[in-house]
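Notes to accompany the following structure.
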Amino acid sequence: MIRTRFAPSPTGSMHIGNLRTALYAYLLARHSGGRFILRIEDTDRRRHVPEAIQVIYDSLRLAGIDWDEGPDVGGSYGPYVQSERRAVYREHAEHLLEIGAAYRCFCARAEAQAAAAPALRDPCRLLPRAEAEARARAGEPHTIRQRIPEGGVTSFVDHVFGTITVSNDTLDDQVLLKSDGLPTYNLANVIDDHLMAITHVVRGVEYLSSAPKYNLLYTSLGWEIPEYVHLPHIVKESGKKLSKRDGDASFQDILARGYLPEAVVNYIALLGWSPGDDREFFTLAGLVAEFDIDRINKSSAAFSFAKLDWLNGEHIRTLPAERFHAAARGYYPARIAEALDTARLSRLVQPRVARLSDIPHMVAFFGEVPAYDVALYNHDKSRSTVASSRDVLERLGSLLAALEPWSNEALHQRLVAFAAEAGLKTGTVMWPLRIALSGSPATPGGATELAEVLGKDETLRRIAAALEVLRQA
Ligand code: GLU
């Protein structure tokens, strides 16, 4: 059975690359009826913030990614949390010391050094075991480092990047347990992936070059090495990294720009993976059905907001009307929401909008007709001119004042009939009405739909105001 995990550090935001890692790990497990696990990697205490864990939950929930097991927290599964598992790491570090695969390092600057420019081998590597144990017992602060074998090579096959072979002499004796007793990622990831029976480790390519060191640990402990699926970076179209400053790096930032979570999930699935044909629209369930690690691409994927706009529009079109309205509701300017039935507005907007954040601009004219140029009344295709528009609107005022009921259907029927009686093209009647009501040649919905939403009084008021301008033209 395939078992995968998502192992985020609580940083306070969900980078879009990390969300893609979570998604691929989830899809890989679900596609084969396997298990997906959430593990919070919070052993770097400088970064630990409880609210940051909430961000992880919220992001996964919005993305529809749920996990299959974990400690019981009031009837549901909590994640595994590394800071609660110190004893496990310490015990394994001790075992590595006993079998000679690790050593105690008393160099004062050891941790700082390891972070800056790692010296590959540390002098403490040569300390006799008894002496090191005595110093440790005496309470001397120290770290525990991995003892990388001298000579030889370490080789493994990554599902995406192929065969990776490195000479052991290029690998550093990395710190496994810090002097505060907490493990580094280097130790914790290996122990947890083994104890949680992870079959496929899915993570960012930045861990590819460390994998040989982890493999040496697995081997020392007599454990089976998992399969690796390292994922390439997501970059901007310019090739630069997605950055926090530009507001395009995190899932939250992107959602705040007016995108639906399901569209973002669909889009990031395609950033580095393809179904093998030209299909692009996928629900999460569709992705589960199709996902296959053999079609993950090893080159960096470029994030295109234009592409996401398109996909977002496609997802908006498939939403049930109530769900679209619930998502759109917050985007209507207050004065429009007070004056008009926004559920009706949503029905006009849903077939046409790409981003939810486009809604305020798209519906602005419902609140107030902008000052516009009478030249907009000229429209060849509708055989509309400034003069024809004046005539039509003159007659529409009384015609519409008498219309009952006030509905799109009734309006449409009446205006089509009126055009026929007057020997005009339907467009010659509809066009000036649309301009009079909206001041715009491109509107969400045709003239009669706009009139329905605006209501009879406002429609008549706008026709009268338009006529005043037209009479002076
Ligand atoms: N905690 C690591 C990160 O957030 C996870 C790496 C892994 O998946 O093994 O980058």
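Brief remarks follow.
- Note, ³J(HN,Hα) from phi for the range 319-330, Karplus 6.51, -1.76, 1.60, rounded to Hz, x at Gly and Pro: 6, x, 3, 5, 5, 5, 4, 4, 6, 7, 2, x
- Label-to-label distance, nm, for residues given as ASP248 and GLU51 (7 Å Cα→Cβ offset): 2.7 nm
- Between the beta carbons of ASP292 and ASP58, assuming R0 = 30 Å, the FRET efficiency works out to 0.55 to the nearest 0.05.
- Per residue, the solvent-accessible area of the chain (1.4 Å probe, heavy atoms of protein chains only, all protein chains present) comes to 46 Å².
- Pairs of C-alpha atoms in the range 307-460 farther apart than 24 Å represent 37 percent of all such pairs.
- Distance between modelled label sites at ASP457 and ALA442, nm, 7 Å Cα→Cβ extension: 3.3 nm
- Computed over protein heavy atoms with a 1.4 Å probe, the carbon and sulfur contribution to the accessible area of the range 56-103 reaches 50%.
- Principal axes of the range 213-313: Cα extent on each, largest first, Å: 51, 34, 22
- ³J(HN,Hα), Karplus 6.51/-1.76/1.60, whole Hz, each residue of the range 195-209, x for Gly, Pro: 5, 8, 6, 6, 8, 10, 8, 10, 7, x, 4, 4, 9, 4, 6
- The slack in the chain from GLU394 to ALA371, taken as 0.36 nm per residue of separation less the alpha-carbon distance, amounts to 6.3 nm.
- Cα-centre dipole for the range 243-390 with unit charges at Cβ (Lys and Arg positive, Asp and Glu negative), debye to 20: 420 debye
- For the range 183-252, the average shadow cast by the Cα convex hull is 6.3 nm², which is a quarter of the hull's surface.
- With every protein chain in place, the range 332-473: carbon and sulfur % of accessible area (1.4 Å): 51 percent
- Translational D in µm²/s for the range 125-225 (Stokes-Einstein at 37 °C, 0.692 mPa s, Kirkwood Rh from C-alpha pairs): 218 µm²/s
- Sum of -39500 (n - 2.57) over DSSP H runs of 4+, divided by residues of the chain (222 nm, nearest 500): -13500 deg cm²/dmol
- FRET efficiency for the pair SER300 and ALA337, taken as 1/(1 + (r/R0)^6) with r the Cβ-Cβ distance and R0 = 45 Å, rounds to 0.55.
- Surface composition of the range 213-315: carbon and sulfur atoms hold 50% of the protein heavy-atom accessible area at a 1.4 Å probe.
- For the chain, the number of Lys pairs with C-alpha atoms closer than 23 Å, counting only pairs eight or more positions apart or on separate chains, is 12.
- Å³ per residue enclosed by the Cα convex hull of the chain: 188 Å³
- Computed from the C-beta positions of GLU91 and ALA321 and an R0 of 56 Å, the FRET efficiency is 0.45 to the nearest 0.05.
The values are calculated or read from the model by the stated rules, or taken from the named source; none is laboratory data. Note that this is a predicted model, so its numbers are computed, not measured. With ideal geometry, Cβ positions are generated from the backbone for all residues, glycine too; neighbour counts draw on all protein chains shown. Please note that ligands, DNA and RNA were not included when accessible areas were found on the heavy atoms of the full protein model with its side chains. Shrake-Rupley method; radii C 1.70, N 1.55, O 1.52, S 1.80 Å.
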